[in-house]
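Report on the following structure.
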Amino acid sequence: MKQINHLAKVVSVSTSSLKLEISRHSACHNCEAQNGCSIRECQNRIINVPTIRAKQFSIGEEVVVSISQNSGYWALFFCYVLPLIIMLISLFTTYRLTQNEIKSGISAIIILIPYYFGLFLSNKYIAPKFQIRVSKTTD
């Protein structure tokens, strides 16, 4: 199974999780104007990764963060594709019933509130399916 890998640096260590800073390598990585640029794509991200092996890592250590490509596709589906489908269904259904574009647009946006709230509440059931692995760069 293919893996999506990123290099990261350990920022903090707790008993059951790691805070990692992931460096973003984009087209502007080698740009001379990188320090003065305000494009958000070039900034580093800090993520919290739960792991039972947290005590094996030390602050400042470089690690490899990986997730299966299949899990990445599922994450994209739940966060972007499914909400878009729900929005479009809501938009067309409401327009068909009311013949009002403004009400249809507002309902299509409002329908996302319960969707993302439900996604948030189901996090404990969905999160275990997305196994993020942290390994030392020498492993």
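Going through segment 26-45 one residue at a time, which ones are at pLDDT 60 or above and either part of a loop (DSSP other than H, G, I, E, B) or under 20 Å from Ser71 (Cα atoms) (or both)? Can you show your working first?
Filtering segment 26-45 down to residues at pLDDT 60 or above leaves 31, 42-45.
Answer for segment 26-45, where residues must be at pLDDT 60 or above and either part of a loop (DSSP other than H, G, I, E, B) or under 20 Å from Ser71 (Cα atoms) (or both): Cys31, Gln43, Asn44, Arg45.
Just to be sure I understand, how many residues within segment 90-120 are open to solvent by less than 100 Å² (accessible area, probe 1.4 Å) and either part of a helix (DSSP H, G or I) or closer than 26 Å to Phe78 by Cβ (or both)?
The first filter runs over segment 90-120 and keeps only residues open to solvent by less than 100 Å² (accessible area, probe 1.4 Å), leaving 90-91, 93-95, 98, 100, 104-108, 110-112, 114-116, 118-119.
Next cut, either part of a helix (DSSP H, G or I) or closer than 26 Å to Phe78 by Cβ (or both) only: 90-91, 93-95, 98, 104-108, 110-112, 114-116, 118-119.
The number of residues fulfilling the criteria is 19.
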Scan (1) surrounded by 11 or more Cβ atoms within 10 Å (Cβ to Cβ); (2) within 26 Å of Val11 (Cβ to Cβ); (3) hydroxyl-bearing (Ser, Thr, Tyr) for the single condition Ser58 breaks and write down its number.
-> (1)
Tally of residues being open to solvent by 70 Å² or more (accessible area, probe 1.4 Å) and in contact (Cβ under 8 Å) with a residue 12 or more places away in the chain across segment 76-89 | 1
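The values are calculated or read from the model by the stated rules, or taken from the named source; none is laboratory data. Note that the coordinates shown come from a computational prediction; the quantities given were computed from them, not determined experimentally. Counting neighbours? That spans all protein chains shown, and the Cβs are built from the backbone with ideal geometry, glycine included. Surface areas here come from the heavy atoms of the whole protein model, side chains and all, with no ligands, DNA or RNA. Shrake-Rupley method; radii C 1.70, N 1.55, O 1.52, S 1.80 Å.
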